[in-house]
1. Are any residues in segment 237-290 under 20 Å from residue 157 (Cβ atoms) and of a type in the set (A, V, I, L, M), and if so, which ones?
2. Evaluate segment 221-233: report whether one residue or more is free of Cβ contacts under 8 Å to residues at least 12 places away in the same chain and under 19 Å from residue 193 (Cα atoms).
3. For segment 65-88, indicate whether the set of residues that are farther than 21 Å from residue 255 by Cβ, in contact with a helix residue (DSSP H, G or I) (Cβ under 7 Å, 6 or more places away or on another chain) and in a strand (DSSP E or B) is non-empty.
4. Those residues that are within 12 Å of residue 178 (Cα to Cα) and among the basic types (Lys, Arg), I need them from segment 53-72; list them, please.
5. I'd like to know if segment 106-121 contains one or more residues that are outside any loop (DSSP other than H, G, I, E, B), within 25 Å of residue 246 (Cβ to Cβ) and free of Cβ contacts under 8 Å to residues at least 24 places away in the same chain.
6. Which one is modelled with the highest pLDDT among residues in segment 140-166 that are part of a loop (DSSP other than H, G, I, E, B) and under 15 Å from residue 105 (Cα atoms)?
7. Quick one: which residue in 1, 80 is at pLDDT below 85, under 30 Å from residue 256 (Cβ atoms) and either loosely packed, with under 14 Cβ neighbours inside 10 Å or among the polar types (S, T, N, Q) (or both)?
8. Filter segment 101-123 down to the residues that are at pLDDT 90 or above and among the acidic types (Asp, Glu), then identify the one that is nearest to residue 183 (Cα to Cα).
Amino acid sequence: MTDAGPDAEAKLAPDATAGLPPDARRRLAELSDDSAKGGFFTSDLSVNEFLLVKEAGFHPRGLVFGSSIYHIGLTRKGLMTSRELGSLTQAMYTARELAMSRMEAEAELLGADGVVGVRLDVNFYDWGKHSAEFIAIGTAVSADRAAPGTEGSPASWRTDAGKPFTSDLSGQDFWTLVRAGYAPLGLVMGTCVYHVGYRSPGAALATSMRNAELPHFTQALYEARELAMARMQDEASALGAQGIVGVQLVEKSHFWGSHVIEFLAIGTAVRPIRSDHVIDAPVMILSLDQ
């Protein structure tokens with residue numbers, strides 16, 4: 001593609017592009033032509049996902065991206081104590097929010113109504129053991145029509161705050177959701193970095209030769225997951241969602257060692273498009289795969 005030039009870049013609001021790299025501003029400017037929603041786009045959707053997103057009444061606008069390289073400081077753990085490490089929890093949450101907000105800003109610049117297929121990744125590099133790059137990436141989409149049963153412009157697909165929705169649903173799941181009469185509101189998450197305390201030598205010896213529950217570990221992991229899930233639900237409630245679909249519980253130790261674990265709960269908050277919508281009855285599909 002040829003260079004968009006200053007005229008194309010002028011289509012983007014100057015204040016909205018603040019902080020974006022020049023190449024990102026130029027790329028978004030090339031994709032920001034609102035005159036034809038069937039124009040050029042970029043996307044990480046598969047062919048099947050692309051066709052189903054189109055069938056749902058949306059057109060891909062462009063691949064949007066956000067990044068944050070964050071230094072994760074050290075904290076005191078306490079060998080025998082099981083507890084949340086609040087400073088690490090806040091670091092992991094803030095870094096992801098920074099990456100997501102920058103991805104959403106790119107979608108806003110494109111005039112998109114939402115972002116589908118969002119992926120959140122964490123990368124660690126050799127040049128900084130305690131630093132990590134948090135990446136959010138997805139495909140910005142614009143609605144070709146207003147939400148079924150609603151009045152007004154395609155902006156009715158946006159959140160109550162007027163921002164583009166975000167979702168980690170695949171193209172197939174997004175099509176199914178819209179067809180069933182629901183709309184995504186936002187990608188919601190809750191995280192908890194938890195230190196699982198070591199058992200005393202006596203406790204370890206007492207169960208070494210028999211089958212028995214380890215309540216010390218059970219309670220620690222139970223509490224950590226509950227904290228992450230409760231925070232995810234709080235985010236969805238703040239958006240006015242009716243529920244969360246596609247919830248995933250991800251557990252990783254990153255570089256902290258085996259007794260420090262991050263519990264991440266993540267899913268897509270949804271709302272009904274209209275109260276009288278009738279969901280189509282399921283039909284049997286015969287697969288041709290061998």
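The values are calculated or read from the model by the stated rules, or taken from the named source; none is laboratory data. Everything numeric here is computed off the predicted structure, so don't read it as measured data. Glycine gets a Cβ as well: all are built from the backbone with ideal geometry, and neighbour counts include every protein chain shown.
1. Residues of segment 237-290 that are under 20 Å from residue 157 (Cβ atoms), as a first pass: 238-246, 267-277, 279.
The answer is 238, 239, 241, 244, 245, 269, 270, 273, 279.
2. Yes.
3. Narrowing segment 65-88 to residues farther than 21 Å from residue 255 by Cβ: 65-66, 80.
Keeping just the survivors that are in contact with a helix residue (DSSP H, G or I) (Cβ under 7 Å, 6 or more places away or on another chain) gives 65-66.
Next cut, in a strand (DSSP E or B) only: 65-66.
Within segment 65-88 (the criterion being farther than 21 Å from residue 255 by Cβ, in contact with a helix residue (DSSP H, G or I) (Cβ under 7 Å, 6 or more places away or on another chain) and in a strand (DSSP E or B)), the answer is yes, since at least one residue qualifies.
4. Filtering segment 53-72 down to residues within 12 Å of residue 178 (Cα to Cα) leaves 53-58.
Selection gives 54 alone.
5. Start the filter on segment 106-121 by keeping residues that are outside any loop (DSSP other than H, G, I, E, B), which leaves 106-109, 114-121.
Remaining after also requiring within 25 Å of residue 246 (Cβ to Cβ): 106-108, 114-121.
Next, only the ones that are free of Cβ contacts under 8 Å to residues at least 24 places away in the same chain stay: 121.
For segment 106-121, residues outside any loop (DSSP other than H, G, I, E, B), within 25 Å of residue 246 (Cβ to Cβ) and free of Cβ contacts under 8 Å to residues at least 24 places away in the same chain: present.
6. At the first step, the residues of segment 140-166 found to be part of a loop (DSSP other than H, G, I, E, B) are 144-153, 158-164.
Subset that is under 15 Å from residue 105 (Cα atoms): 158-159, 161-164.
Working: 158: 88, 159: 88, 161: 86, 162: 86, 163: 89, 164: 92.
That would be 164.
7. Values: 1 fails: under 30 Å from residue 256 (Cβ atoms).
Just one listed residue meets the conditions, 80.
8. 113
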